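Structure, as structure tokens:
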Amino acid sequence: MAASTVVGREAVAPTILRVSDVEVVYKKSILAVRGLSLEVGEGSIVVLLGANGAGKTTVLKAISNLLGAESGHVTRGSIEYRGKVVTHADPADLVRDGLAQVLEGRRCFAHLSVEENLVMGDSATRRTRSDLKAEIERMYVLFPRLRDLRRRSAGFLSGGEQQMLAIARVLVSRPKLVLLDEPSMGLAPQMVEEVFESVRELNQRSGVSFLVAEQNAAVALAYAHHAYIVENGRVPRGGTAAELLAEDDFHALYLGGSADDRERAAVARPRRPEFTLRG
Ligand SMILES: Nc1ncnc2c1ncn2[C@@H]1O[C@H](COP(=O)(O)OP(=O)(O)OP(=O)(O)O)[C@@H](O)[C@H]1O
Ligand SMILES: [Mg+2]
């Protein structure tokens, strides 16, 4: 595991994920990510902010090595997870090693019940029946709404309920790092808060690290310890919520939302010590 690093006089959390100078090309011709670098400190919530087509999903899929199905390849750079280079690792091995992804669009098995979806979440780890039962019970404690819906077909759940199920299904494998792609997409503001609250709770209670791609900068910054901006396949800047909000043009460029949203982000106070931007 990576040791803690010291930048100046400040101690920085050990790194669970390091993406260094990564380039991704789709179909041998479309350059989607160009020399992108970022880090996730162990036990932290990091967000990737950026507009449509900026490259957020591509980065997440590069990390969990899911680009192959779309003829995408990492053509330069490296990805390190828990101190090991995993740039071309088998995705199933990554899941077994605690790196899990909730894909964009909350992919649940529509014809299976909520509980059957949760059981499917264990397919890479294969626990004993009683361990799996305990794990599913843990999810019902975290998401009480899912307990009430456990026999319902996932296809009949609301968008927010499906998002919770998609997250819970991934959590059944007891990940150390969760990659979460656009959890707020299509959800009412109240639901978005609920989803981010469960992310915070898992982070604080179980120490799970999160890398979250999000367009809703106002909400994401209220929960993140650190944020990176993705633009055109690059990360031109990053920092703590407070650092980004202090930048002159940040509000105009990334917080186009309501005055309420802007206020919420402005008073955002991450509840862990903030990490220092490296590099
Ligand atoms: N399967 C693919 N084949 C070819 N090009 C792709 C593919 N997937 C994404 N791209 C291109 O790569 C770039 C980055 O797309 P990506 O989906 O990573 O962006 P994003 O930041 O997740 O956007 P959004 O917020 O809309 O989800 C875009 O220009 C997109 O058109
Ligand atoms: Mg995307």
Elements of type strands (runs of 3 or more DSSP E) in segment 161-244, at least 2 residues being among the aliphatic types (A, V, I, L, M): 177-181, 209-214, 226-231
Every residue from segment 37-90 that is surrounded by 15 or more Cβ atoms within 10 Å (Cβ to Cβ) and in a helix (DSSP H, G or I): K56, T57, T58, V59, L60, K61, A62, I63
Residue pairs meeting the criteria (Cβ under 7 Å; at least 6 apart or on separate chains; first aromatic (F, W, Y), in segment 86-112; second crowded, with 17+ Cβ neighbours inside 10 Å): F109/N117; F109/A154
Which numbered condition A110 fails, given (1) among the aliphatic types (A, V, I, L, M); (2) surrounded by 14 or more Cβ atoms within 10 Å (Cβ to Cβ); (3) closer than 25 Å to G160 by Cβ; (4) in contact with a helix residue (DSSP H, G or I) (Cβ under 9 Å, 6 or more places away or on another chain): (2)
First in segment 196-223 and closer than 22 Å to K61 by Cα, second anywhere and more than 16 Å from ligand 2 (Cβ to nearest atom) and among the acidic types (D, E), Cβ under 7 Å, 6 or more apart: S209/E42
Pair list, Cβ < 7 Å and 6+ apart or interchain, from segment 50-66 residues that are under 14 Å from Q215 (Cα atoms) to residues that are near ligand 1 (Cβ under 7 Å from one of its atoms) and among the hydrophobic types (A, V, I, L, M, F, W, C): G50/V230; A54/V230; G55/A32; G55/V230; K56/A213; K56/V230; T57/A213
Residue identified as in a loop (DSSP other than H, G, I, E, B) and more than 16 Å from ligand 2 (Cβ to nearest atom) among R107, R145, R127: R127
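No value in this document is a laboratory result; all are computed from the given coordinates. Predicted model only: the values in this text are computed from it and were never measured. Reconstructed Cβ throughout: ideal geometry from the backbone, glycine too, with neighbour counts over all protein chains shown.
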